[in-house]
Amino acid sequence: MKKIGLILFVALFILASYTWAHPHVFIEGKASFIFNKDGLESINVEWMFDEMFSTMILTDYDANKDKKFSANEVKKIKDEAFSNLKDYKYFTFIRINKKPFKVKYVTDFNVSMSGKNMIYHFSVPCHVKANANNKELILAYHDESYYIDLYLSENNPVSFQNNEEFVTKFKIKENDDYSPGENTILPQELIMKFKKKSENHEKL
């Protein structure tokens with residue numbers, strides 16, 4: 001049986017040496033920052049795939065052709081077309097106060113459809129305690145092989161949950177001077193800062 005993992009992820013090994021390989025899969029990303037009483041708890045990630053790749057996944061994994069994914073179908077997609085992204089840090093690069101934070105595992109993987117586009121959902125546990133001073137988190141989605149083009153959505157790319165007790169702000173930075181293999185500067189970075197609210201805090 002044809003495996004979509006062979007189309008997408010084995011190709012990463014083949015193309016890894018071609019630094020300027022043209023993208024074959026396009027992913028539009030979003031990020032939702034989840035807070036608890038102490039600070040940041042996790043980052044919920046949403047990746048929306050292009051229509052061509054979405055159709056390929058439906059063809060291979062939507063067994064009953066209802067254009068939805070059952071629990072068994074989601075598990076199969078996870079096993080064959082997602083889990084080995086661990087070897088690539090799930091294409092998710094994070095720095096906290098300038099220090100790299102390695103994404104070793106993710107949770108709550110799910111798959112859904114939005115029109116003709118497939119969406120991967122997963123959560124990155126990332127505990128950062130808040131205080132009165134700004135904490136900075138930089139997030140980037142990137143495939144160093146250039147086989148996959150990941151970019152932040154132009155439509156509501158960032159959201160926050162349970163952040164009522166914190167001051168939160170973000171910006172998206174484009175790095176035109178990015179050079180291949182330089183992991184400290186990625187083509188597009190989401191810079192998010194947060195701190196505890198003070199009693200005399202004025203809303204931004």
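Once the Cα-Cα distance is subtracted from the 0.36 nm per residue extended length, the residue 64 to residue 110 segment shows a gain of 14.8 nm. One decimal place: the segment residue 89-residue 134 gains 13.6 nm when fully extended, by the rule 0.36 nm per residue minus the C-alpha distance.
Express in nm, to one decimal, how much length is gained between residue 99 and residue 75 on full extension, taking 0.36 nm for each residue of separation and deducting their alpha carbon distance. Before the final figure, lay out each step's value.
Values: separation 24, 0.36 × 24 = 8.64 nm, distance 3.35 nm.
Stretched fully, the residue 99-residue 75 segment lengthens by 5.3 nm.
Applying a DSSP loop filter and a limit of 15 other Cβ atoms within 10 Å to the GluC sites (Glu not before Pro) in the range 100-195 leaves 154, 164, 165, 182. If all Cα-Cα distances of the range 30-196 are sorted into 5 Å bins from 0 onward, what percent lands in each bin, rounded to whole numbers? Calculated over all Cα pairs of the range 30-196, the distribution is 1, 8, 16, 20, 19, 16, 11, 7, 3, 1, 0 percent. If the Kirkwood radius is taken over C-alpha pairs of the range 90-139, then at 25 °C and 0.890 mPa s the Stokes-Einstein diffusion coefficient equals 188 µm²/s.
A short reminder: the numbers here are calculations on the coordinates, not readings from a lab. As the structure is a prediction and not an experimental result, all values here were calculated from the model. When we count neighbours, we look across all protein chains shown, and the Cβ atoms used for this are built from the backbone with ideal geometry, even at glycine.
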